[in-house]
Amino acid sequence: MHRRRRTALVLSAAIVAAAPLLTACGSDAHPGAAAVVGGQRISVAQLENRVDEVRTAQRTALKNDAQYEQAIAKTGSLTRDTLHGMVLDRVLDRAAKNAGVTVTRKDTQRMRAALEQQAGGPKELETAWLQQYGVAPGRLDDSLRTEIEAQKLAASLGADMNTTEGKTVFWKAMSDASKDLDIDLNPRYGSWDVEKSSRVDVKTPWVREVSAEAAAPRTA
């Protein structure tokens, strides 16, 4: 169970090293937006809500204050990682659509049942996904759907994700989808590397570094 990873997010994490920054948007062009993907906004409020879901779940799971503080320390980049995931999910959806790939509710239910059996039960699976991947329990099905979609996309492309060649084919499809969507990130959260379909940090001295988590004090 602990060895399983979300295919798209794991691969993107492996290639998140510095690269040419190809796109960036100013907050003046899209006020209140954390990102604009395919002409659709991901608002700062939506991003904050996603982060709050994770923090609330961590607070519930970790009754000990010290453990909770440790969890926060380990996930200090949660806001940016969450936005990266939100954007990448939309890129994956477009790549899957381009390839004629679909995921059914039954697909998700089947995977969840199998993982729950491996983990030892529904709660155990939710806890594992929260601790390992920063996914709140209410988003677990969405996370599993993404995993299945990535697997189906790879299969449709004939891409063996255990090989360099297969990964290249997969990420070429993701790059094409990124280009289709014309992704803009608020520079507060970095920039989107189209070729690698990945969020990257960008130095913008004229932009104050304020994360969604630091914008306001959180309460349990």
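The values are calculated or read from the model by the stated rules, or taken from the named source; none is laboratory data. The shown structure was predicted, so the numbers you read here are calculated from the model rather than taken from an experiment. Because the Cβ atoms are built from the backbone with ideal geometry, glycine has one as well, and the counts that use them run over all protein chains shown.
Condition first: more than 27 Å from VAL51 (Cα to Cα) and in a helix (DSSP H, G or I). Can you find one or more residues in segment 143-152 that meet it? Within segment 143-152, one or more residues are more than 27 Å from VAL51 (Cα to Cα) and in a helix (DSSP H, G or I). Do we have any residue at all in segment 60-74 that's within 17 Å of GLU126 (Cα to Cα) and among the small types (Gly, Ala, Ser)? Yes, some residue in segment 60-74 is within 17 Å of GLU126 (Cα to Cα) and among the small types (Gly, Ala, Ser). If you filter segment 148-178 down to residues that are under 15 Å from VAL87 (Cα atoms) and surrounded by fewer than 20 Cβ atoms within 10 Å (Cβ to Cβ), you find that the one that is farthest from the chain's Cα centre (by Cα) is ASP176.
Cβ-Cβ distances below 6 Å connect the following pairs, each with a first residue in segment 134-148 that is within 13 Å of ALA57 (Cβ to Cβ) and modelled with pLDDT under 95, a second residue that is part of a helix (DSSP H, G or I) and of a type in the set (Phe, Trp, Tyr), and a separation of six or more residues or different chains: VAL135/TRP129.
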